[in-house]
Each structure stands twice: as structure tokens, then as C-alpha cells.
Amino acid sequence: MKPKILIARAIFPDVIARLANHFEVESNQEDRIFSGAELIEKMRDKEGLFSTMSERVSADVVNVSPKLKAVCNMAVGYNNIDLEAVTRAGIMATNTPDVLNETTADFAWALLMATARRVTESEHWLRAGKWNKWRYDGFLGADLHGSTLGIIGMGRIGQAIARRSTGFDMRVLYHNRSRLSEQLESAANHAEYVDKETLLRMADHLILALPYSPQVHHTIGAAELALMKPGATLVNIARGGIVDDAALIAALRDHRIASAGLDVFENEPALNPDFLTLSNVVLTPHIASASEPTRRAMADCAADNLIAAFSGQRPPDLLNPDVKPKA
Ligand code: GLV
């Protein structure tokens with residue numbers, strides 16, 4: 001008998017077909033978001049879970065799923081998974097690293113440019129029929145070329161963002177848990193490692209690219225925003241919760257920083273409605289990795305991990321290498 005798996009959200013039909021060669025698949029092509037209780041109910045008899053960041057894989061899920069062997073997340077971030085509980089229960093957990101680095105870095109730049117040069121704000125104004133003359137001071141923004149880019153979180157995505165700055169002749173400052181090797185710094189447009197306060201004070205543009213964990217909750221709050229330049233832009237392509245959204249809203253409203261470009265939010269998709277009242281913020285619905293090839297690669301990667309976990313192999317993107325997998 002094939003092992004039973006749940007694919008928790010809608011996904012490319014060919015990926016379901018491939019998984020169906022190996023598993024008895026319960027899918028969710030109507031794309032309902034399961035409540036915690038529904039997920040628990042569905043997981044009782046499952047041996048595998050193809051999850052996304054919208055499923056909270058908690059100790060409660062683990063406790064009701066005695067047969068569960070593998071949770072394969074279609075995301076690089078995995079803060080939706082209680083990794084400790086999963087590991088304790090002998091369940092393998094995987095994510096989808098690398099395949100989305102370049103696409104996500106592209107999008108960080110799209111948001112940065114749209115934010116600094118007021119692309120969406122001016123477009124909304126044009127669409128509202130307000131464009132009746134040119135003005136010398138219409139929608140003045142900030143330059144990217146020749147400016148200082150600060151990056152917090154210099155993993156593979158942060159480095160891909162930094163590499164793109166060479167064409168803009170930018171200075172790159174970064175802050176990270178640990179300093180990169182000289183070789184990696186030099187490949188990342190000669191990025192300079194600085195403490196967080198120096199970075200906040202010196203950056204003209206700040207991009208957040210760090211993974212979420214409780215330790216980095218509200219890495220950017222009122223105190224940090226107060227250190228930033230008044231003309232600075234802030235871009236978050238990382239995770240909701242890294243920025244204190246209420247503090248950011250206050251800073252944008254009072255023009256303590258110029259603008260923000262946000263792809264992720266606290267409590268998404270129910271973002272703080274006050275964002276919608278501000279013109280100096282560009283808002284996108286968590287789509288940084290959403291190019292067709294990359295979303296396909298992520299889905300394939302999660303499926304590869306799931307198939308490997310049941311073929312007696314070590315899944316390529318195992319997050320808990322110390323796990324003692326269930327027989
Ligand atoms: C998207 O946010 C991801 O973690 O892949």
C-alpha cells in the first residue's frame with residue numbers, strides 16, 4: 001500500500017500526478033485554508049505532509065499523527081514548523097532553499113526601485129485622472145545609483161541582492177549573525193560588515209533578508225526606525241514579524257523615514273489596514289518568489305524531498321539532520 005500524504009494547498013497538477021505515483025494523495029485543489037483543527041483531523045492517518053507557510057505544523061499536529069514521517073515545506077522559510085516538536089517525534093522536515101534566491105533578489109530590487117522612485121504612488125495618481133501638467137517637483141524620489149545599501153540578513157538571498165548593486169555603483173553595508181568570508185564579501189559587491197546601529201544610521205536604502213525566528217522578532221521597531229535617515233527607504237522581503245508594523249506605520253505617517261516596500265506583514269494576509277491609508281508604502285501580497293519557473297522549481301523541490309524521505313534516502317534539504325527517522 002502506498003503511504004498516505006496530504007498536499008495542504010493547491011499546487012501544479014503535474015506535481016500532484018508525480019506524487020500520486022508514489023503516494024495515496026489527498027489534495028486541496030479548491031485551495032481552502034484549513035483551520036488548525038481541520039489540519040489536525042486530516043493529519044491523523046497521514047504519513048507525509050506537503051505544506052506551505054500557511055500551515056502551522058505544531059506539536060498538536062505531531063501528537064495526533066503517529067504515522068507522520070516527513071513534512072516537506074514548499075518555502076525556504078520554515079517558521080510555520082515547530083522543528084523541535086517534529087524532530088522529537090522522529091519526523092523529517094525539509095524546505096526549498098536555493099531555487100528561489102535569484103527570483104527573490106530580483107523582487108527585492110523591484111520593490112526597492114518602486115519605493116524609492118514612487119512608481120506605484122505616481123501610477124495611482126495618474127490612474128485617478130490627476131495628471132494635467134508636468135511639475136519640476138512632481139514625485140521627487142531618492143536615487144539608487146551612488147547610494148549606500150544596507151542589508152540585514154546576508155544569507156544566499158541577501159548576497160544575491162548585494163551582487164545586483166554593482167550596476168548601480170552602490171556601497172553595500174551588511175549585518176548578519178556572522179561575518180561572511182572575504183571571498184563572499186567580495187562577490188557581494190565588496191559588502192562591508194558593520195553593526196546594526198551603524199548600518200541603520202548609514203544606509204540610504206535598507207533591505208531585510210533574514211529568516212524569521214523569535215530571536216529576530218521586531219528587529220526593526222520604533223528605536224531602529226528612529227536611527228534611520230529621514231530620506232531612507234525600507235524593503236522587507238523576509239517575513240512578517242521582523243518589522244514592528246505599527247511602529248513602521250507611525251514612522252511612515254510622520255515621515256520619519258521616506259517610504260517602505262513590503263512583501264510580508266504581521267498577521268498576513270490580514271495586514272494592518274493603516275498601511276492602506278499611506279501613500280508612501282508599496283504593498284505586495286508575499287510574491288517575492290512568484291515567477292513561474294521558480295514556483296515550479298519550489299514545488300518540484302518539495303516533492304523531491306517527500307519522495308526521497310520515503311525511499312530510504314536522506315532528503316536533499318533536510319532541516320533536522322539529527323532526527324532519528326521513524327522506521
Ligand atoms: C517564502 O516566503 C518562502 O519562505 O519561501
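The values are calculated or read from the model by the stated rules, or taken from the named source; none is laboratory data. In this text, all values refer to a predicted model and were calculated from it rather than measured experimentally. Here Cβ is always computed from backbone atoms with ideal geometry, including for glycine, and neighbour counts include all displayed protein chains. Just so you know, the surface numbers come from the protein's heavy atoms only, side chains and all, with ligands and any DNA or RNA stripped out. Shrake-Rupley method; radii C 1.70, N 1.55, O 1.52, S 1.80 Å.
Which ones in the range 10-33 are farther than 21 Å from I287 by Cα, open to solvent by less than 60 Å² (accessible area, probe 1.4 Å) and in a loop (DSSP other than H, G, I, E, B)?
Correct list: F23, S27.
In the range 148-160, what count of residues is obtained for those that are out of contact with any Lys or Arg (no Cβ under 8 Å at 6 or more places or on another chain) and either surrounded by fewer than 20 Cβ atoms within 10 Å (Cβ to Cβ) or over 21 Å from L227 (Cβ atoms) (or both)?
Qualifying residue count for the region: 5.
Taking the range 279-301, which residues are open to solvent by 50 Å² or more (accessible area, probe 1.4 Å) and outside any loop (DSSP other than H, G, I, E, B)?
L283, E292, P293, R295, R296, D300
Let me confirm something: among K130, K46, which residue is more than 16 Å from the ligand (Cβ to nearest atom), touching a Ser or Thr at 6+ places or on another chain (Cβ under 9 Å) and either open to solvent by less than 30 Å² (accessible area, probe 1.4 Å) or not aliphatic (A, V, I, L, M) (or both)?
Being more than 16 Å from the ligand (Cβ to nearest atom), touching a Ser or Thr at 6+ places or on another chain (Cβ under 9 Å) and either open to solvent by less than 30 Å² (accessible area, probe 1.4 Å) or not aliphatic (A, V, I, L, M) (or both) holds for just one of K130, K46, which is K46.
Which one is farthest from the ligand (Cβ to nearest atom), of the residues in the range 79-109 that are in a helix (DSSP H, G or I) and open to solvent by 50 Å² or more (accessible area, probe 1.4 Å)?
R88
Please enumerate the residues belonging to the range 233-248 that are within 16 Å of the ligand (Cβ to nearest atom) and not polar (S, T, N, Q).
The answer is V235, I237, A238, R239, G240, G241, I242, V243.
Determine the pairs where a residue that is more than 12 Å from E26 (Cα to Cα) and of a type in the set (A, V, I, L, M), located within the range 41-62, has a partner that is more than 16 Å from the ligand (Cβ to nearest atom) and open to solvent by 10 Å² or more (accessible area, probe 1.4 Å) with Cβ atoms under 6 Å apart, the partner being 6 or more residues away or on another chain.
A59/D82; V61/I40; V62/A89
Output the residues belonging to the range 306-327 that are open to solvent by 20 Å² or more (accessible area, probe 1.4 Å), in contact (Cβ under 8 Å) with a residue 60 or more places away in the chain and either in a helix (DSSP H, G or I) or among the charged types (D, E, K, R) (or both).
If the condition is that a residue be open to solvent by 20 Å² or more (accessible area, probe 1.4 Å), in contact (Cβ under 8 Å) with a residue 60 or more places away in the chain and either in a helix (DSSP H, G or I) or among the charged types (D, E, K, R) (or both), then I307, D317, D322, K324, K326 are the ones that fit.
Any idea how many residues of the range 116-127 are within 29 Å of the chain's Cα centre (by Cα) and open to solvent by 50 Å² or more (accessible area, probe 1.4 Å)?
5
When you check L319 against the structure, is it more than 30 Å from I5 (Cα to Cα) and within 16 Å of the ligand (Cβ to nearest atom), yes or no?
No.
Could you list, in sequence order, the residues of the range 194-237 that are surrounded by fewer than 18 Cβ atoms within 10 Å (Cβ to Cβ) and either among the aromatic types (F, W, Y) or within 21 Å of the chain's Cα centre (by Cα) (or both)?
K196, P211, S213, P214, Q215, H217, H218, G221 - these are the residues of the range 194-237 that are surrounded by fewer than 18 Cβ atoms within 10 Å (Cβ to Cβ) and either among the aromatic types (F, W, Y) or within 21 Å of the chain's Cα centre (by Cα) (or both).
Determine which member of the set L276, L262 is open to solvent by 60 Å² or more (accessible area, probe 1.4 Å) and in contact with a strand residue (DSSP E or B) (Cβ under 8 Å, 6 or more places away or on another chain).
L276
Per-residue answers, yes or no, for (1) more than 16 Å from the ligand (Cβ to nearest atom); (2) in the same structural domain as I151 (by TED's automatic domain parsing); (3) assigned to a helix (DSSP H, G or I):
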| residue | (1), (2), (3) |
| --- | --- |
| G231 | yes, yes, no |
| A250 | yes, yes, yes |
| I257 | yes, yes, no |
| D304 | no, no, yes |
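For the range 160-202, name all the residues that are aliphatic (A, V, I, L, M), part of a loop (DSSP other than H, G, I, E, B) and within 21 Å of T233 (Cα to Cα).
M170, A188, A191, V194
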